[in-house]
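Inspection log for the structure reproduced underneath, given as structure tokens.
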Amino acid sequence: MQTSGYADGSCLPEFRRGRTLESNHRYRGDIGRLLYLSNWSRPDIATAVGILSRKVSSPTKYDRNALLHLTRYLRGTSDLKIKIEPTKDLQIIGYMDAECGGNISDSKSTSGYVLFLGENLISWTSQKQKMVANSSTEAECIAANEACCLLEVHLLMLEDFRMEVKSPVTMFEDNKACIDILNGERARKGKKHLRRKVDSVRDKQKTGLIKVRYCQSDDMIADVLTKPLIRQRFEYLRDMLCIVTGNE
């Protein structure tokens, strides 16, 4: 799903982006602290931090103002936390999504995926893809492969804890063309590296490790990890990530 506009300010005229900051030392340090926070306890800021981190080498006044805006959001939502409760449901469920070509500087897309163990959020990722996707379907296929690789890591970790997770793991996707390709109902086309990614996901389905299922875009939780959203949509998906206030 592609968004209009670019949150990193790349498409703004120079006079609106502002001059490059004389020193990036403070900006880089702030981004480092925010990365730690987004990786461990605040998935709701992962997309914003990911976008801002792309500018650490030469941040502009626009980037600094965006960073300040993010810190104000954190100050106003400091009571939010991830809700984790005891569970006997050892079923992992994943959501994977991508926006297409949102980074105007190199036309690369952003992947987002989350994993739940029962109703508990255990992992989330928002990252720029390493190769340019020619379509939203290609971007979704790349995100699917990345999500499945992350899933394998978590399954091995749970195996070390002697926890038997139910198989196959359901991975939700909101792009029907992507699902058809991953299920082998449509021929895989494109670059050699992309074909390998598709074949990797297909192989995981054949072995019974995962099953890819359709999810409506309105319920795609990973959408919040791919691009900036309007407030109502953002808060709705934030709640679906099991992020609650401290008194809940």
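The values are calculated or read from the model by the stated rules, or taken from the named source; none is laboratory data. All of these numbers come straight from a predicted model, not from anything done at the bench. Methodologically, a virtual Cβ is constructed for each residue, glycine included, from the backbone with ideal geometry; neighbour enumeration extends over all protein chains shown. The accessibility values were calculated without ligands, DNA or RNA, using every heavy atom of the protein model including side chains. Shrake-Rupley method; radii C 1.70, N 1.55, O 1.52, S 1.80 Å.
List of remarks:
Quick grid of which residues meet (1) within 16 Å of GLY118 (Cβ to Cβ); (2) in contact with a strand residue (DSSP E or B) (Cβ under 9 Å, 6 or more places away or on another chain):
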residue	(1), (2)
GLU140	no, yes
ALA144	no, yes
CYS148	no, yes
GLU152	no, no
ASP160	no, no
GLU164	yes, no
ASN175	no, yes
ILE179	no, yes
GLY184	no, no
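- Selected residue [open to solvent by 40 Å² or more (accessible area, probe 1.4 Å), of a type outside the set (Val, Ile, Thr), within 26 Å of GLU152 (Cβ to Cβ) and more than 14 Å from the chain's Cα centre (by Cα)] from TYR73, TYR36, TYR62: TYR36
- Top-ranked residue in the range 93-151 [being assigned to a loop (DSSP other than H, G, I, E, B) and within 24 Å of LEU37 (Cβ to Cβ); ranked as least open to solvent (accessible area, probe 1.4 Å)]: GLN129
- Filtered by the rule that a residue be among the polar types (S, T, N, Q), out of contact with any strand residue (DSSP E or B) (no Cβ under 9 Å at 6 or more places or on another chain) and closer than 30 Å to THR137 by Cβ, the range 60-115 gives a lone residue, SER105.
- Meets criteria (closer than 25 Å to GLU152 by Cα and at pLDDT below 90) for LYS211: no
- Taken as a whole, the condition of being surrounded by 13 or more Cβ atoms within 10 Å (Cβ to Cβ), within 30 Å of LEU80 (Cα to Cα), touching a residue at least 12 places away in the same chain (Cβ under 8 Å) and not basic (Lys, Arg) does not apply to THR245.
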